[in-house]
Structure formats: structure tokens, C-alpha cells
Amino acid sequence: MIPDKVPKEDVFYGAEEMRRTAHVPTFDKYKDMYMQSIEDPDKFWGDMAKDFFWKSKHTGRFLDYNFDVTKGEIFTKCMAGASTNICYNVLDRNVHERKLGDKVAFHWEGNEPGDESTVTYRELLHHVCRFANVLKSQGVRKGERVAIYMPMVVELVVAMLACARIGAVHSIVFAGFSAESLSDRIMDSQCTLLVTADGFYRGDKLINLKILADEALQKCRDKGFPLHRCIVLKHLSKEAQETSLSCPPAKRSCPDLQDRETSRVKKSRPVPQVPWNPEVDRCWHALVAAASDECEPEWCESEDPLFILYTSGSTGKPKGVLHTLSGYMLYTAATFKLVFDHQPDDVYWCTADIGWITGHSYITYGPLANGATSVLFEGLPTYPDVSRMWQIVDKYRVSKFYTAPTAIRLLMKYGNEPVQKYKRDSLKVLGTVGEPINPEAWHWYFSVVGDSRCPIVDTFWQTETGGHVLTPLPAATPMKPGSATFPFFGVVPAILNESGEELEGPSEGYLVFKQPWPGVMRTVYGNHGRFQSTYFKKFPGYYVTGDGCRRDKDGYYWITGRIDDMLNVSGHLLSTAEVESALVEHEAVAEAAVVGRPHPVKGESLYCFVTLGDGRTFNRTLEAQLRKQVREKIGAIATPDYIQDAPGLPKTRSGKIMRRVLRKIARGEKDLGDISTLADSSVVEQLFLNRCQPAL
Ligand code: WTA
């Protein structure tokens, strides 16, 4: 399955010197390790597990599973019966056993240049213990779900690890999601407490997070799900805190927190108004100041839940992807170490938000499990200017850098000068994630950002997979621009045709996996049936990714994009059904259909066709209302780029919308293929005439 030989031509390598110290220095070594990982997974992962602390050993098989719905319930278990604690492993073990207490865990870099702080492993452990005690004092028990809705601050990591320490299950909701999305997620996972913050700035824009959180809690109450506890972090400036929050100022109440009197809120900026409901709201700082910094970890079983993270579902309702403790810990630690070839003196920076899986696995758990030093960045790549990323790389001497193709394409537009103004000589490995990277962006990343010296790890994976599943290893794998290359250890990919037959050699079809790896998701929270039908029903015996894939003559895998009703906008998956239902909730809209249209920076953009109800007219006001409606229902990431008035939609005689045809219309492609099943072809001509033109 892994080719014996890799091609010598048309492939790229990073600098030769990496091989001297790399964990996996050659392709042959990768192949040997890969074969071991498949032939004897228990030994392979068992060796990895030796680095961690286990309160008691596992009792059954190391990795036990059923991936075939025809043989019974789908399950994966890793190290069942063992007891451990992931917070202990990523913090206490590093401080006490590995003597890394004084090592920097995070360099926090705020939205505003100059707003910064550092936290060591020892300090992080103290903060986490305190907050774990706070959670306990608020009545949170093992197994309970805690919703977290916070900006990119160290306290977000503190909150998640505090949950893990006491065996509570965190359910983080990206701070760019709307109040409605937050309330849906709180109710779906029946959270008993919410942790949030007053607000934050993204570039020049103030996000009043607490107001959104309050709206979400109101929506929960309206639907009969009252949540009585909300802990609020004061993240904005001290002046703002004192005037607007009825809780003690941070500095006096919490001596341990970093001094936050820097330029968080610029003088000219408005002071946010933060509402406060004394019956529900609790001040983070006051609670923490009163808490002890000693907290014995709760010893949990390997298959106890660690977190829930929602991802778009093709039916429109987001799925609560559930990950469990030991397998996820092993897998994120191993992938982080090997895919970024982690070395003790590295400074690593992943630009993702912790609200997404990339942040969970490769800002929090994977790097901390390895005792890594990371940059935690609150801001934007373009604020205050388009050099910000490279300025930060030089400032902290970042050696391993991980970002998304959409960010690369965005920065590429501004040319080489903003990059070349900075030295970037500390960089060693560059990573990408979130969507296929187009070769043009790949070459720019490789030659301009990395000065043709740094290998690029194009990591393919999903919220569901927990960690990287197809990826190069930086010193070992010859790279082809745009290919995620080969499977990580323990992962067995296959390509299936429509009838479910495995294709050999060069081929294209559905990307599936034949067996689990430790970090694969265990279920959809509260709905095991949906888990089985989404991922295992179409092709019994396989985990179905939902992505298309091509294998070339050299055995390299190339992801071709989603083959379900999912769109990938700036690396974020959105379900067309979810956007459609947000649109039809507007009283003027009778029917809506959403498709993707290629976009030079975002990858895909949202193109919406709306059919209005009788007597309604399409105009700019309605268009603006519809955009607002989608933002409020889902969040800014789902804002439609194009909304077209569609007096009729192309449908089959049985009434099914022909999205294939709509996709062509959105792209302006006249060749519609076979449209003989179309009930009324005049609809199509009409839609072509009214097409939205590309934005300037
Ligand atoms: C896409 C993000 C091509 C893919 C970690 C997948 C990619 C979805 C890549 C998961 C890549 C992610 N090359 N496509 N390197 N990485 N994808 O759950 O369609 O937010 O199914 O997880 O992103 O998105 P999710």
C-alpha cells in the first residue's frame, strides 16, 4: 500500500540537515514504522503509551473495535480499563517528572501589538488547579458538560484543562458563532455551566461576547433549558472592567494572573458595556482568588468522554463529535511529535482558533503533551498590517508554523515584500490544514515564506479523526505540492467506487478508512444511530470521510474535496442545509438552495438561490436582511457572498432540486451535462440571465 520506492523527480524536499536529528529521518524508516503500526498496533501504540502516566493498567486489548455495521454496533476502544488523567499528563507530568516547570508553555500575543504575556508549565498548572477548584465549587461533577465560549486567551486553555482535570466534558463553541448556535450547542449537550468573557477585539472590531452569551442563555430559557451558572472572565482593559462589571478588578483579586494593564483597549476605542445578572453571572477573578491552587486530578477511565466539539452535518443539524481520553491523548501527542518533528528547543505556532478541532489537538493537547513552547495568538493575520505573522515569527523565533491555505492565499495577494521584510530564519517546518492547498499557494509558501528550506506538511484530517490521518513527515516524505501524501501510523486508507469496491493503483473515488486509530471519534453525543448512519452505513466495514480522493501512479493521495452537501469556506465546513434553513426562516423566503462557487482566497464562497413567497419583491433591503439572518442564526463565517433571486429552482420531475445545475449556474458554466430529468428547462435560462456577478 505504501510504495516501495518514491519518485526522484517532480518532488520536493526540505533542507537536508533536518534528517540528522529527525524522529523519522527517511522514507524507509517511515515505511518500517508504518508496517509495524499496522501489523502490531498493540505494540506500536503500547510503546508510545509508555511515555505517559497511568494510574492503573488497561485490562483488555490495546485497541478493540468493530467497523462493520452488519456485524453489530460500531465501537472503538483504546486501552479500556486503564485509568489516567490527561491534565495530569500534559501538566503535572511535565512539571514534576520531566522538570519542565520553568519552560514557557505559551507566549500569548494579543490582538494589539505589545499586548503580550507568557505562562510557564508550572504557572499553567497553578491556574488550572485553581480553576478546577472553582468548577468544583460551582457544583460541576465528573461527566457533566461545561460550555466554553471564549476568545483566544490563556484562560481558554485553563478552562478546558480544568474540566479535564475533574473529569468534566468540555464543549467549546467558537467565539465567532452566533448566540443561536451557542444556545443550540448548550442544549444539545445539556451543559450545566457556561464559561465566557466580557469581550475581545478582532482587529478593530469589538466583539461583545457577554451580550451574545446572555442572548444564548435567554434562548435556552425560552426553550425550557435554564442554565443558572455563567463564569465571566474580564479580558478587556482594566478601566473597562471597573466601569462596566460589578465584580472586583482583576489585579487585586487574582495576584497570579498576568498584568493586564497594557494596551488592550486603545484609548480611542469605545468601552464595552457588559451586562451583569447577579443571579447567574460569577466573576472569574473573584472565584479564582478564593480558590486553592492544589487539586488532585480525578482519575478517569480510558474511554471516559474528554470533550464534545460540534461540526456541520449534511442534514443541517450540527453533530456533537465525542472524543474520549486515552486514545485521543496518545494520538494527538504522537502526531504532534512526528508530523512537526518536535524538538525540545522548538517554538511552535498554530494560528487556528481553539474553538476548532485544530486548536484542540494542536494548540492544547498535542503540544502540551510534548512539553512544547507555543505561541497563542489572539489577533488577525492582517492587523495592524499584513506583516503581522512574520513579525511574530521573528519575535518569538518560531521554528514550526501551522496555518490554513486560506490565510496563505490571503497574504499571497499582498506580494513578497511584507514577508521578506522579516528574516524568518528560525522556521524549520511549515504546515497546512483545512482544505486542499492549491499548488500556486503551496509554491509561494514553500519558496517565499520558507525560503525553499522548510518542508511543508499538508495535513489532511477532520474533527472526527481527532488528529492527522494523511500527512507527510517533514524529513522523510518527498513532497508533491497539493498532495497530503501518505497515511500516518495506524491509519489504513482505501479508495472505493460507487459500488463500494476497493480500487487499486491509480484511481479516484470515496476516501475511506478500514480500521480505527486511537484518536478516532467514538460517537455523536446523544445519538449513536446518527454516528453509525453518517460514517458507516454507506459502505459497511469502512469509516467514510465524505471526501473524494485520487491516488496517483506513485501511490500519493490527493484530496479532491467534499462529495456530500458540505462546503469548505476558509477552511471551515458548512452544511448547505444549515444555511438554507436559516434563509427560509425569513418570512419572505419560500425556498432556498445553496451551492459553492470557487473563491480565490476563501476556497469556496456561498452562493444562495432564494425563491420568494407570493407578493414579495427582491431588493437590496431584503438581501441585507437575509445576510443578517444567516449571520445571526449561524455566525459570520456563514455570511452569504451571493444571493440571487430565483423565481423557480431547477427540479427533477420528482421534485428534487438539481444542485449540480445550480453549481454550474453559480460558476457561469454553460455546459450543464445531462438535464433530461429536469421538469422545466426554462427555469435554467431565467437563472442564467439573473446571475450574480463576481464581487470586485
Ligand atoms: C477538509 C479540520 C484537503 C476535508 C482539521 C475534511 C482538507 C474537512 C485538509 C474537515 C487537507 C482538512 N487537504 N482537505 N490537508 N484538511 N480538509 O472537521 O474536506 O473542520 O473532510 O477538520 O476539511 O474539516 P474539520
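The values are calculated or read from the model by the stated rules, or taken from the named source; none is laboratory data. Nothing here was measured: the structure is a model prediction, and the numbers come from that model. Glycine also receives a Cβ, built like all others from the backbone with ideal geometry; neighbour counts cover every protein chain displayed.
A few notes on this one:
- Residue under evaluation Trp461, criteria (1) away from the ligand (no atom under 12 Å from the Cβ); (2) surrounded by 21 or more Cβ atoms within 10 Å (Cβ to Cβ); (3) more than 28 Å from Lys205 (Cα to Cα), criterion not met: (1)
- Restricting Tyr348, Tyr414 to those that are at negative phi, surrounded by fewer than 22 Cβ atoms within 10 Å (Cβ to Cβ) and free of Cβ contacts under 8 Å to residues at least 60 places away in the same chain reduces the list to Tyr414.
- Selection count where residues are touching a strand residue (DSSP E or B) at 6+ places or on another chain (Cβ under 9 Å) and either aromatic (Phe, Trp, Tyr) or not in a strand (DSSP E or B) (or both), scope segment 298-324: 13
- Residues (assigned to a helix (DSSP H, G or I), more than 28 Å from the chain's Cα centre (by Cα) and over 18 Å from Leu330 (Cβ atoms)) located in segment 1-38: Met18, Arg19, Arg20, Thr21, Phe27, Asp28, Lys29, Lys31, Asp32, Met35
- Members of segment 365-390 found to be part of a loop (DSSP other than H, G, I, E, B), small (Gly, Ala, Ser) and under 28 Å from Gly320 (Cα atoms), listed by number: Gly379
- All positions within segment 198-217 that are touching a residue at least 60 places away in the same chain (Cβ under 8 Å) and in a strand (DSSP E or B): Phe200, Tyr201, Arg202, Leu206
- Residue match in segment 548-562 (condition: under 26 Å from Arg145 (Cβ atoms), touching a residue at least 40 places away in the same chain (Cβ under 8 Å) and not aromatic (Phe, Trp, Tyr)): no
- Top-ranked residue in segment 343-364 [being under 18 Å from Asn94 (Cβ atoms) and in a helix (DSSP H, G or I); ranked as farthest from the ligand (Cβ to nearest atom)]: Thr364
- Here the condition is being modelled with pLDDT of 95 or more and either near the ligand (Cβ under 10 Å from one of its atoms) or within 28 Å of Asp32 (Cα to Cα) (or both); of Ala441, Ala475, it holds for Ala475 alone.
- Unique residue being of a type in the set (S, T, N, Q), assigned to a loop (DSSP other than H, G, I, E, B) and away from the ligand (no atom under 16 Å from the Cβ) when the list is Ser483, Ser499, Ser447: Ser499
- Restricting the first member to segment 666-687 and to residues that are in contact (Cβ under 8 Å) with a residue 12 or more places away in the chain, and the second to residues that are loosely packed, with under 14 Cβ neighbours inside 10 Å and assigned to a loop (DSSP other than H, G, I, E, B), the beta-carbon pairs closer than 6 Å and six or more apart or on different chains are Ala679/Arg653.
- Where Leu430 falls short, out of the listed (1) of a type in the set (A, V, I, L, M); (2) in a helix (DSSP H, G or I); (3) within 16 Å of the ligand (Cβ to nearest atom): (2)
- Checked against the criterion of being of a type in the set (A, V, I, L, M, F, W, C), in a helix (DSSP H, G or I), away from the ligand (no atom under 16 Å from the Cβ) and closer than 24 Å to Leu338 by Cα, the candidates Val393, Val419 yield just one match: Val393.
- Residues being within 11 Å of the ligand (Cβ to nearest atom), surrounded by fewer than 17 Cβ atoms within 10 Å (Cβ to Cβ) and either farther than 30 Å from Lys8 by Cα or of a type in the set (Gly, Ala, Ser) (or both) - total across segment 530-563: 2
- Residue match in segment 603-624 (condition: within 15 Å of the ligand (Cβ to nearest atom) and either assigned to a strand (DSSP E or B) or touching a helix residue (DSSP H, G or I) at 6+ places or on another chain (Cβ under 9 Å) (or both)): yes
- Every residue from segment 165-193 that is in a helix (DSSP H, G or I) and among the aromatic types (Phe, Trp, Tyr): none
- When segment 84-143 is filtered for residues that are hydroxyl-bearing (Ser, Thr, Tyr), farther than 22 Å from Thr332 by Cα and not in a strand (DSSP E or B), only Ser137 remains.
- Identity of the residue in segment 625-645, in a helix (DSSP H, G or I) and without any contact (Cβ under 8 Å) to a residue 40 or more places away in the chain, that ends up surrounded by the fewest Cβ atoms within 10 Å (Cβ to Cβ): Lys628
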